[in-house]
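Since every read-out is calculated from the coordinates, none of them should be taken as a lab result. All values derive from a computational prediction rather than experimental measurement. FYI the Cβ positions are ideal-geometry reconstructions off the backbone, even for glycines, and counts take in every protein chain you see.
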C-alpha cells in the first residue's frame, strides 16, 4: 500500500481546461457519486475529431488527476513516461475509486501488464495490483477495444 499524494496545484490551473481539452476531460473522467471529485484518467491525453473520426493522442507521458471540486485543488496521482499509461477509472464509493492502465513488462516493450490501483481518500491509501504479462500483439487488442470505448463516449457526450 502507498499513501495518496498531496494536492499539487490549484484546480483553476487545470480545470476547466482553457484549450480544446474540455471534451477530453468529459470523455476520460468519472465523477464521484457525491459530485465532490472528478477523476481524470489521464490529464495528458487528448480526444478529438479528425476528418470525421474520433482520435486519441496527446503527450507520450501519462498522469491521472484527482480534482477536488469543493476544495478547488488538483492532485496528480501518478506520472509516467512512455513505459506506462492510464486508461480507465470508476468510483466504488464517494471516497474510494479504481484507476486502471498498463505498464511495459520488459525493457524492449515486447510484453505488457495491466495495472489496477484502488485508492481510498478516507484512509489516504492506494493499493496496487499487476496482471500477468501479455505480448504486444495481445495488448493491441486491448488498445483497440479501449479506443472504441473512447470513441463511443466521445460521440455520446
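The table below lists the values:
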{"item": "Peptides 145-155, 66-76 ordered by average Cβ neighbours within 10 Å, highest first", "result": "66-76, 145-155"}
{"item": "Relative contact order of the chain, pairs being alpha-carbon contacts under 8 Å that are 6 or more residues apart, as %", "result": "21 percent"}
{"item": "Likely footprinting exposure, 23, 38, fewest C-beta neighbours within 10 Å first", "result": "23, 38"}
{"item": "41, 97 arranged by Cβ crowding within 10 Å, fewest neighbours leading", "result": "97, 41"}
{"item": "Whether region 37-157 is rounded, prolate or oblate, judged on the alpha carbon gyration tensor where a/c under 1.5 counts as rounded", "result": "oblate"}
{"item": "Helical contribution to [θ] at 222 nm, DSSP H n ≥ 4, -39,500 (n - 2.57), averaged over the chain, rounded to 500", "result": "-5500 deg cm²/dmol"}
